[in-house]
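Working notes, beginning with the structure itself.
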Amino acid sequence: MLYKNLAEIYEALGSTTKRLEKIDILADFLKTLKQEDKEVLYLLLGDIYPAYDERKIGISNQLAIKAISKATGISEKDVVKEWKAIGDLGKVAEKLTKKKKQATLHTSPLTTQKVLENLRKLPELEGKGTIEKKISFIVELLTSALPIEALYLVRTLIGDLRIGIQESTIRDAMAVAFFDVKDAKQKKEIADKIQSAIDRSNDIALVFDIAKKGKVKDLEKIPVQVGKPIKVMLAQKVSSIKDGFEKLGKPCAIEYKYDGFRLLIHKTSDNEVKLFTRRLENVTKQFPEVVEYVKKYVKGDSFILDAEAIGFDRKTKRYKPFQEISQRIKRKYHIEELEKELPVEVNVFDILYYNGKSLLDEPFKKRTELIKKIVENKPFKIVCSKQIITDSEKEAERFYKKALKDNQEGVMMKSLSAAYQPGSRVGHMLKIKPEEKDYDLVIVGAEYGTGKRAGWLSSFILACLDTETGKFLEVGKVGTGIKEKSSAESGGISFEELTEKLKPYIISEKGREVKIKPKIVVSVTYQEIQKSPNYSSGFALRFPRFTALRPDKPLSEITTLNEIREDYEKQRGKTKS
Ligand code: ATP
C-alpha cells in the first residue's frame, strides 16, 4: 500500500472532530483494507507493533529536527526557528519538503511497508553510532516522502499524530464495517465483543483479521496467550460492605486491597517467567527475585497469575505505601541494590490460564481454589491474598478493619460466580476504602518556574480522560506536594526530577509555558471540585496536591470526566443537605 493513500486517510480523519464521522471514514477504509496491509492499523494508532509489544518508536523532537535538517538541507537552527513559529514539527517537515521538492526530481514513491520497515529498525539500535544510524533511516524515508507524507511521518516519529484515533474508534469502525448492525444496542454488543478480543490479544491487526469475516463466534475464540500481556480486570467502587453485599449477593469473597502495584505473572511451558504491569510493560528484569519465587513456589507447567506486589521494610516487616516502591518499576540499572533496599511481596489473587487452558470463563470460586492449591505460601516472598468467604456483614467489617490496621488500602469484594473479563471495570469485583479525595491524572502542560525554581518546570497542568471522545481535558494545575530538592531518601519527587521525566515529552514551548504529550500519570489529592470555564473539562480542582507518580497506570485507566462530574454532583448534594 502506498504511504500516500495512508496520508490521505490521516488527512480525512484529521479533518473532522466528530467521532461518528471518523468512524464512518475508518469503516470505509477498513472495508477496502487488504489482509496483507493490515499492519497499517498500527500506524493509524501511531505505533509500529501491536499494543502488547514493547518496542516503541521513541524519537525525540531533537532527533527529528536533525533528520528534517539533513533531509531538506536546511540548517537545524532554521528548522527550530520554523518550529517555534509554527508549533508543529510535522507541519515544519511538510513546508520544508515542499520547498525542496520544487528543486529536486521526485524519487521512488514511499510504501507503508518501507515506512514500517525503517521505523521498526529504530528501537532495535543500540550502542555506538546509534543516533547517526537512526537519523539515516529517517532521512531515507523523508527524502522519498511527499510533503503531506513528511508531515505524518514526523508526527508519527515524535508520537503526536493528531488525528484523534484511538483503539476504540477502530473498534467501532470494525463493528460498522463488518457486522450487520441494526440498532445502537446491537452495535454496542458487537463493539463489546470486539473490545474483549482486543483486550485479550492486544493486537488490533489480529482482531481485524478475524472481525473481517463478520462472525461474532470467531471473535470469542481469540485466545489469551501466555507470554503476551493482557489487560487486567478492574474494579468498581462502593462505599460500604453493605452496598457490596447488595450488589454481589451472599456469600462472596472478601480480600485485602493491597497498596502496591498490579503484576501479571506469566510462566510459559519452557519455564520462562515474564512479569507485566497493567500498562502492559514488561518488568521482568526489574524484579529478578519475583521470577525466582514464581519458579520455586508456584506449581504448574504454564500459567498466568494476577497479583499485587507490595513493598515492605526488611527490618520491621511493616508494609510500605505504594509510592515508596514505585521507583522499582522503572529502574533499569542497579537493580540488585534496589531489590535489597525495597523488597516486595507478591500477593496472588487470580489466575487466568493454567497448563494450556484459559480459565477466563471459569467462576472465581474455582479460580481462587486453584490458586490455593498451586501457590505455596512464603510470607514476604509470594503468598495467596488474604481472603475470607462469608455472608456475614459483621465478619466482613472486622476483616475490613484488620486490613486497614495492617496498613493496606481497604478490601475487595468479589462475586464467587463471576468470570475474568480482561480490560473491563466490572460490577462483580468491588473496592472499598476509606473516603479520600484522590484522582489519577495525566500531565499535559507545565510552566517553567522563576527565582530558585528557574530552569525547572514548577506548575503542572493536569488532565482527566473524556471516554466519549478519547481526549484529555484539563482540570487544574498542581505545584504543591513536590519537593524543592532531590534527595536520596525514597518516596516523593523533586521539581528537578519531574522536569527531567517530562522533558522528552515536550511538544511545544511558548514563553514559559510548555505543552506536554500525555504520558506521565500522577496521583493527586484535592479539597473540592469547582466548575470552571478556565479548563477544558469545565471543572477545576481546588488545592490539588501531588502524592505519587503512577508509572504503573495506563492512560486509559486514569480518572474520567464522568467520575469527576459524578463526584461534583455528590459534593453539591452534601453541601446542600
Ligand atoms: P486505586 O487507585 O483505588 O487503587 P485503581 O484505579 O488503581 O484504584 P482499581 O481497579 O480501581 O485500580 O482498584 C483495584 C486495584 O487494587 C487493582 O488494580 C489492584 O492493583 C489492586 N488490588 C490490591 N489487592 C487486590 C485484590 N486482592 N484483588 C484485586 N485487586 C487488588
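The values are calculated or read from the model by the stated rules, or taken from the named source; none is laboratory data. If you're wondering where the values come from, they're calculated on a predicted model, not measured in any experiment. All Cβ positions, glycine included, derive from the backbone under ideal geometry; neighbour counts span all protein chains shown. SASA here: full protein model, heavy atoms, side chains in, ligands and nucleic acids out. Shrake-Rupley method; radii C 1.70, N 1.55, O 1.52, S 1.80 Å.
General remarks:
- Being within 27 Å of the chain's Cα centre (by Cα), within 30 Å of Lys515 (Cβ to Cβ) and modelled with pLDDT of 95 or more is a property that does not hold for Ile351.
- Flag for Asp199 being assigned to a helix (DSSP H, G or I) and within 16 Å of the ligand (Cβ to nearest atom): yes
- Output for the range 433-452, where each listed residue is surrounded by 18 or more Cβ atoms within 10 Å (Cβ to Cβ) and either more than 16 Å from the ligand (Cβ to nearest atom) or free of Cβ contacts under 8 Å to residues at least 12 places away in the same chain (or both): Ile443, Val444, Gly445, Ala446
- Tally, over the range 230-272, of residues that are among the hydroxyl-bearing types (Ser, Thr, Tyr) and open to solvent by less than 40 Å² (accessible area, probe 1.4 Å): 4
- Val207 passes every criterion in (1) hydrophobic (A, V, I, L, M, F, W, C); (2) open to solvent by less than 10 Å² (accessible area, probe 1.4 Å); (3) touching a residue at least 60 places away in the same chain (Cβ under 8 Å) apart from (3).
- Whichever residue in the range 331-359 is of a type in the set (A, V, I, L, M, F, W, C) and closer than 21 Å to Cys384 by Cα and, among such residues, is nearest to the ligand (Cβ to nearest atom): Phe349
- Any hit, the range 555-576, residues being closer than 30 Å to Val232 by Cβ, part of a strand (DSSP E or B) and open to solvent by less than 10 Å² (accessible area, probe 1.4 Å): no
- Among the conditions (1) touching a Ser or Thr at 6+ places or on another chain (Cβ under 7 Å); (2) within 13 Å of the ligand (Cβ to nearest atom); (3) within 24 Å of Asp53 (Cα to Cα), Thr277 misses just one, which is (1).
- Residue list for the range 520-534, restricted to those being touching a Lys or Arg at 6+ places or on another chain (Cβ under 9 Å) and either without any contact (Cβ under 8 Å) to a residue 40 or more places away in the chain or assigned to a loop (DSSP other than H, G, I, E, B) (or both): Ile520, Tyr526, Gln527, Gln530
- Residue in the range 131-164 that is surrounded by the most Cβ atoms within 10 Å (Cβ to Cβ), counting only those that are modelled with pLDDT under 95 and under 23 Å from the mean Cα position of the chain (by Cα): Ile158
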